[in-house]
4 protein chains.
Amino acid sequence: MQLGMIGLGRMGANMVQRLMAGGHDCVVYDHGRDAVEALVRDGATGASDLADLCARLSAPRAVWIMVPAAAVDQVIDQLRPHLAPGDILIDGGNSHYQEDIRHAESLRDAGIHFVDCGTSGGVWGRERGYCLMIGGDADAVRHLDPIFATLAPGVGDIERTAGRQGAPSTAEQGYLHCGPSGAGHFVKMVHNGIEYALMGAYAEGLNLLKRADIGMGDQTVDAETAPLAHPEHYRYAFNIADIAELWRRGSVVSSWLLDLTAGALQQDPGLEHFSGRVSDSGEGRWTCQAAIDTGTPAPLLTLALYERFASRGDADFANRILSAMRYQFGGHHEKPSD
Amino acid sequence: MQLGMIGLGRMGANMVQRLMAGGHDCVVYDHGRDAVEALVRDGATGASDLADLCARLSAPRAVWIMVPAAAVDQVIDQLRPHLAPGDILIDGGNSHYQEDIRHAESLRDAGIHFVDCGTSGGVWGRERGYCLMIGGDADAVRHLDPIFATLAPGVGDIERTAGRQGAPSTAEQGYLHCGPSGAGHFVKMVHNGIEYALMGAYAEGLNLLKRADIGMGDQTVDAETAPLAHPEHYRYAFNIADIAELWRRGSVVSSWLLDLTAGALQQDPGLEHFSGRVSDSGEGRWTCQAAIDTGTPAPLLTLALYERFASRGDADFANRILSAMRYQFGGHHEKPSD
Amino acid sequence: MQLGMIGLGRMGANMVQRLMAGGHDCVVYDHGRDAVEALVRDGATGASDLADLCARLSAPRAVWIMVPAAAVDQVIDQLRPHLAPGDILIDGGNSHYQEDIRHAESLRDAGIHFVDCGTSGGVWGRERGYCLMIGGDADAVRHLDPIFATLAPGVGDIERTAGRQGAPSTAEQGYLHCGPSGAGHFVKMVHNGIEYALMGAYAEGLNLLKRADIGMGDQTVDAETAPLAHPEHYRYAFNIADIAELWRRGSVVSSWLLDLTAGALQQDPGLEHFSGRVSDSGEGRWTCQAAIDTGTPAPLLTLALYERFASRGDADFANRILSAMRYQFGGHHEKPSD
Amino acid sequence: MQLGMIGLGRMGANMVQRLMAGGHDCVVYDHGRDAVEALVRDGATGASDLADLCARLSAPRAVWIMVPAAAVDQVIDQLRPHLAPGDILIDGGNSHYQEDIRHAESLRDAGIHFVDCGTSGGVWGRERGYCLMIGGDADAVRHLDPIFATLAPGVGDIERTAGRQGAPSTAEQGYLHCGPSGAGHFVKMVHNGIEYALMGAYAEGLNLLKRADIGMGDQTVDAETAPLAHPEHYRYAFNIADIAELWRRGSVVSSWLLDLTAGALQQDPGLEHFSGRVSDSGEGRWTCQAAIDTGTPAPLLTLALYERFASRGDADFANRILSAMRYQFGGHHEKPSD
């Protein structure tokens, strides 16, 4: 079917490629002409602006917006005069699900459908397919089914879950209509919250393996260092890359994130190319805020987020307060760093 | 090659089956005669006691101990008179790695090798293969290579990590000599610590999805309930089983644990067969204690453990203290449960 | 000076009493007539409604609102027609600081000052004084200084901080103009966030003391129970009430919250009157959300909140997922509760 | 009464001073002659070595050991030949309570009593008194009562806990026989675990106040920075020193640790003299390990410890793993630090 795509960054451009490979007809726009032209060379129809894009699409139009969350409002405002009742807008980016609720409401009177679609897959999605978490009116979502089916990974060679029968459901193909407006981005938000904690679990465990050698050297003995009672228990110089590789097969912790970790460690076993300043995008934060709103305990999801904050030095003043307190009550002087 | 197996519980018996299917010759013993006889019917050589088992093995003997951690000391004591220099004992159970260090030392003077082998794979291992994390002397480990190679999953159909070249390493086949005595169980310990946090990450996230419907009903309004500012943001009745299934394909959080979770939710979407009283075995605890010993931050691994403790009611007195404090400073009365 | 007080619950009524004892003239209103009459008997001027209250105050009026956060909007709307430029509204309740910013803006054009005042002190404040955290225009705050000075505890017999010189600052008297609109409730919010974590710290520690006797009884031995390696290390039957009392003098952990805890344990050493279902009001939640917004690591403040959520059973589905996973990969059955 | 004191560091020397001021007769030894001589000038009896110290004490001897935990074994070994049945050793340092159990057992056959005494009070104890947590045989503890009563703060001017009647108990005077051997150091261990979390609570809260100004400057806009949705909510430049001072009176969070924090911030509001590298001594670690052993959830106590580990850079490799994963799945490059 025909789809307009606005925003041809890494994600948007790859999705257009996957859609065209699946036989769909894509009309594309980006404020950068090069991005448009690159896809035109591969068979897409280029649009010179949003009005042009809408003009090139047959009614009911399906327009996929793949831009930074902060730019979605503006794109919708600019598109709106060129849309007609029955048209469908899809926000496939990283918007907050509460924005979806707002957008859907504001477009409802004009008869325009708004579908939110959380998209997981990153730079691997073009080849591997995108996991799609979808919210909005059932009719609009159903209309877009051919698009979703092409973007999604399909059943692939992953073993079927016991008890699932008959033709594979869309969930088994990697896309799902999760509920009304916002449901898609809500599920994607929680997905990312989980992702942070999964990442943190591997990171903490591998760091512990890395540090299992601390009994090898001389032990610091001073009043400001907790003594290591049994240095002989910590004399392992593990090959972390090999251990990550090992766990990929047969172990309970095998996962796609572990596959990636094994790859990263294979390339650079000491990860010397990284400084350990870990960014976070919004979804991890929103997940924790939803947990707090709903009174749902989420220690791991939240701690994984806070570990990132701390990696960027944002606990600094807190730490200085601790040192100051220790000096006040015990006369403890800070140890210089090694 | 020939291997003695002591302990024919679920794990030990399955491992013997996998070894025999791989052409190895197994001499088996268990204090339960039925377990021995079942394997004898399938081709194993049965032993009537530990002396008999040792007598039936050619030197240098390889004896795999697969018994509860608490029973290992006793088995070693009983075996010892029947062993000769050059023999190899393998502890494939869930022992603390510090026990391995002790065992290896106590056997060294007698010329007996002690190999520790952390084994992941659970009830699935017979079919899927076991991920093996091995510690001990290089010679002894090398001697056992045919056993490890058969028990391990092998390279399978898992995509090769970029940058790995030549013949597959043992890590790529699912077994690895991790270091000297204790190294195998150390790595297995950390593996389980990671496992707890991975499990906790999915559990917290799916619980949040479950609770995303709290804006649907009436909101409690009283002085002891934090108000939900925007009930309209929490009106989703998600199909948790479908979402777990969805994430299995193309998403960043796909993993074997997620596969299992999707299976459990498919069978029983509300998980009504479970009460939520979550056990822990030792490894998660030991991981956290190693983190503390080595000064390694491990919030996620530790919180995952504490969530299990709390699931069993072990925070009860702490919670009553909090209620008592609230009553003292603010006159707050506890709310009855719903 | 003269002050109108709207809302004569426990906090509002006690504050009026303290103000009258300090020589101030209070005009009081509550929708419950009894509350008004009780204070009238003690010397307050009663008002029959908000219009009457405003009529009885001389310009510029100072009106303190002490009602539940959810009712503040309505009270302000009803008061507004009866106010004149130069009048001052004070919200002394538990409002979210972002509401203060909104209220101050909406009243600014009408020349009405809006002051936010976070108030700590609970049921003890009448006698002990209230710690006041104040936000708003400097002029309005200065005008109210006599009110704040009376409500606050004053310097009391607390030892002066080294380096503070001259006449005691208002901070040393227990009240402080913290900044522009919202600053007072922001500081109060963080105050409560800290309070939750302080409470949690004592609760966890005392619970650990309570459980230091687990080595006394028989140890459970089964596959679903992590063994206690050294029961002989956990054979203490501590007197928790005496220990809380002990720490009140000379220890690093002495605090007002500890004083209260010692009181609660003295009355009821087993805290049998409490079930351990711990409520939270909004401030702890808002604190964590501010931490997340600002990228500030706040693990303790957040975990203290999540412990309360969990005490109310809100981790239940998460725990059932964990049990279901354990059953899936290891065939583990849940242990029945004791 | 007469007491021998071994170890005249800051703690030991101050305790001798307090004991002599209370009329006790102290025989003192330290491997540093200067420390001995300083106390001799103030009235103590100096000893030239441990034999000499024992010779100068009348039977039954009471010998207080106040040396680093690692040196206790050696001191006991050296003392032992010079002790007689009925003598009492007191370990007043920071030993692990399990060492006490071992020491008491090893001395029991010789008829020597071993008393463990956890001591809180730091550099302030000489003036303020020491909070004493005591374990061991009741007879030995009773014999030492005059010593404990002098070292402890006494009832002081702290308000009596409601319900406590009659002559003040020793708990109300600041010392307590907590139980059999190890009980004193166990309670002190948990005390310190609580202390860490209390400190962390203030540190996190004050850091959040410090960072409440992040909406004032320009907001970073790039793909690696989570946007601040409402900068107008974070435009407070709080005076942290004044807020700490404020909370000392009338608030729920007042405590001795807050008093110290207010003092530190008064001296150096930005805490520029500290780098934020926070040490930990053993007790916090032992507390968490006891929590894990006993299956007691202790998230706050443990997280407070992990925050210290992280302040020393010990999460570094974990953070680099996170960055590496992000690069792998999303092509995210690390942001340089500001």
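Which whole-angstrom value gives the distance between the alpha carbon centres of region C:25-60 and region B:266-298?
The two parts, judged by their Cα centres, are 58 Å apart.
Can you give the mean number of other chain Cβ atoms that lie within 10 Å of the Cβ atoms in peptide A:264-276?
Whole-number average of other-chain Cβ neighbours for A:264-276 is 6.
Largest first and in whole Å, give the semi-axes of region B:2-179's equivalent ellipsoid, each being the square root of 5 times a Cα gyration tensor eigenvalue.
25, 20, 14
What distance in nm separates the two pseudo spin-label positions at C:A237 and A:D145, each 7 Å out from Cα along the beta-carbon direction?
Simple spin-label model gives 7.0 nm for this pair.
Have a look at the DSSP beta bridges in the protein assembly as shown and tell me what percent are antiparallel, nearest 5.
20
Give me a single rounded figure for A:120-131: the average over its residues of other chain Cβ atoms within 10 Å of their Cβ.
Partner-chain Cβ atoms within 10 Å, mean over residues of A:120-131: 5.
Express as a percent, rounded to the nearest 5, the fraction of DSSP beta bridges in chain A (both residues included) that run antiparallel.
Given both bridge residues lie in chain A, the antiparallel proportion sits at roughly 20 percent.
Would you mind working out the accessible area per residue for chain A, using a 1.4 Å probe, and quoting it in Å²?
Per residue, chain A has an accessible area of 35 Å².
Could you give the distance between the Cα centres of region D:87-101 and region D:206-244, to the whole Å?
Here the answer is 48 Å between Cα centres.
Using a Gaussian network model of chain D whose springs link C-alpha atoms within less than 10 Å, name the residue from D:D49, D:D316, D:D280 with the highest mean-square fluctuation.
Largest GNM mean-square fluctuation: D:D316.
Between A:S48 and the same site in the other copies, what are the distances in nm, shortest first, taking label points 7 Å from Cα along the C-beta direction?
Spelled out, the distances from A:S48's label point are 7.5, 9.8, 10.7 nm.
Considering only DSSP beta bridges with both partners in region B:2-179, what is the antiparallel share in %, to the nearest 5?
Expressed as a percentage, antiparallel bridges in region B:2-179 total about 20.
In what sequence, highest mean first, do A:323-330, C:242-249, A:220-227, D:66-73 appear when ranked by Cβ atoms within 10 angstrom?
C:242-249, A:323-330, D:66-73, A:220-227
Could you check which residue among D:G282, D:G174, D:G250 shows the biggest mean-square fluctuation in a GNM of chain D with a 10 Å Cα cutoff?
Top of the fluctuation ranking is D:G250.
In nm, one decimal, shortest first: how far is the label point of B:A110 (7 Å from Cα along Cα to beta carbon) from the matching points in the other copies?
When each copy's label point is compared with this one, the spacings are 3.6, 8.4, 9.1 nm.
Kindly provide the helix-only [θ] at 222 nm of the protein assembly as shown, computed as the sum of -39,500 (n - 2.57) over DSSP H runs of four or more divided by all residues, to the nearest 500 deg cm²/dmol?
It comes out at -13500 deg cm²/dmol, rounded to the nearest 500.
Straight-line reach from B:K188: which aspartates and glutamates have a Cα under 16 Å away, not including same-chain ones fewer than 8 places off?
Partners found: A:E204, A:D242, A:E245, B:D91, B:E99, B:D100, B:D116, B:D280, B:E283.
DSSP H helices in chain A with Cα extent of 18 Å or more along the helix axis and mean Kyte-Doolittle hydropathy at least 0.0?
Helices meeting the criterion: A:183-210.
Can you pull the Kirkwood radius for region C:140-255, inverse mean 1/r over Cα pairs, to one decimal in Å?
Result for region C:140-255, one decimal place: 19.1 Å.
Can you give the translational diffusion coefficient of the protein assembly as shown in µm²/s, computed by Stokes-Einstein from the Kirkwood radius over Cα pairs at 37 °C and 0.692 mPa s?
Using the Kirkwood radius from Cα pairs, D works out to 97 µm²/s.
For B:D157, place a label point 7 Å from Cα along the Cα-to-Cβ direction in every copy; what are the distances to the other copies, in nm, shortest first?
Computed spacing set for this position: 0.4, 8.1, 8.1 nm.
Residue of B with Cβ nearest the axis relating B to C, plus distance in whole Å?
Axis relating chain B to chain C; nearest Cβ residue and distance: B:A310, 3.
So which residue, out of A:S106, A:S275, A:S181, gets the largest mean-square fluctuation from a GNM of chain A using Cα contacts under 10 Å as springs?
Fluctuation is largest for A:S275.
What do you get for GluC sites (Glu not before Pro) in region C:95-162 restricted to DSSP loop and a cutoff of at most 13 other Cβ within 10 Å of the site's Cβ?
The qualifying sites are C:E159.
Peptide A:182-195: average number of partner chain Cβ atoms within 10 Å per residue?
Neighbouring Cβ atoms belonging to other protein chains average 6 per residue here.
Would you compute, for the Cα atoms of chain A, the largest minus smallest coordinate along each principal axis and list the three values in descending order, in whole Å?
Cα extents, longest axis first: 77, 46, 44 Å.
Kirkwood Rh and Cα-based Rg: tell me the resulting Rg over Rh for region B:102-194, rounded to two decimals.
Computed over Cα atoms, the ratio is 1.01.
The values are calculated or read from the model by the stated rules, or taken from the named source; none is laboratory data. This is a predicted model, so every value here is computed, not measured. A quick note on method: Cβ atoms are made from the backbone with ideal geometry, for glycine too, and the neighbour counts reach across all protein chains shown. Heads up: the accessible areas ignore ligands, DNA and RNA and are worked out on the full protein's heavy atoms, side chains in. Shrake-Rupley method; radii C 1.70, N 1.55, O 1.52, S 1.80 Å.
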